[in-house]
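Worksheet: one structure, shown below.
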Amino acid sequence: MKKIIAFAGSNSKTSINKKLAAYTASLVKDVEVSVLDLNDFELPIYGVDEEAKNGIPEHAKKFFELIKSSDGIVLSLAEHNGNYSVAFKNIFDWMSRIEQKLWNNIPMILMATSPGGRGGSTVLSIAKNGFPHMGGNIVADFSVPSFYDNFNEGNIINEELKTQLNVEVLKFQNSI
């Protein structure tokens, strides 16, 4: 059975992006899903001095191995001030020190959501432009604007968005 991982680019314990990633992963048929939480992979802030002194932390290695051993990645990015959250950027930076092409060409559905009307579109754009240079194989992407108006009780309630997501999930499903 194919294995996919789902996670949010956020360390919020109530992350709306984690809810979206887990929900999206549940729509993928005939796969084993592991939902990861960045809080389980706490890391020191990346810096060349930190790396020279202490090497690459075990949590970064473990997270990288989970990515590398998966058949697909469901990632929903939180947007902080128009960019990645610090928690995501930190684990991303550490993993890039293990292997520059850290996404290993594994099929990915890349998403973002936010409480606002743009749905994390700025961070989504940054990732869509940058991830391919890091081995990212983005086969589908999706944004949910105004999360609290469009998602309730673990489900997208806006029918147009639900239809769009199902199209993207099918693209992802067919690529793994």
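The values are calculated or read from the model by the stated rules, or taken from the named source; none is laboratory data. What you see is a predicted model, and the numbers here were worked out from it, not measured in a lab. Cβ placement follows ideal geometry from the backbone for every residue including glycine, while neighbour counts extend to all protein chains displayed.
Worth a mention:
- Of the residues VAL123, VAL139, VAL169, the single one that is at pLDDT 95 or above and in a strand (DSSP E or B) is VAL139.
- Count of region 38-94 residues which are among the aliphatic types (A, V, I, L, M) and at positive phi: 0
- Residues (outside any helix (DSSP H, G or I), more than 21 Å from SER121 (Cα to Cα) and either of a type in the set (Lys, Arg) or touching a Ser or Thr at 6+ places or on another chain (Cβ under 6 Å) (or both)) located in region 64-105: LYS101, LEU102
- Note on region 117-131: residues that are exposed (fewer than 14 other Cβ atoms within 10 Å of the Cβ) and either more than 16 Å from GLY82 (Cα to Cα) or small (Gly, Ala, Ser) (or both) total 2.
- Qualifying residue in region 146-162 (condition: free of Cβ contacts under 8 Å to residues at least 24 places away in the same chain and within 30 Å of PRO44 (Cα to Cα)): no
- Residues of region 23-54 classified as in a helix (DSSP H, G or I), among the aliphatic types (A, V, I, L, M) and either surrounded by fewer than 17 Cβ atoms within 10 Å (Cβ to Cβ) or touching a Gly at 6+ places or on another chain (Cβ under 8 Å) (or both), total: 3
- Test for ALA8: is it touching a strand residue (DSSP E or B) at 6+ places or on another chain (Cβ under 7 Å), surrounded by 14 or more Cβ atoms within 10 Å (Cβ to Cβ) and in a strand (DSSP E or B): yes
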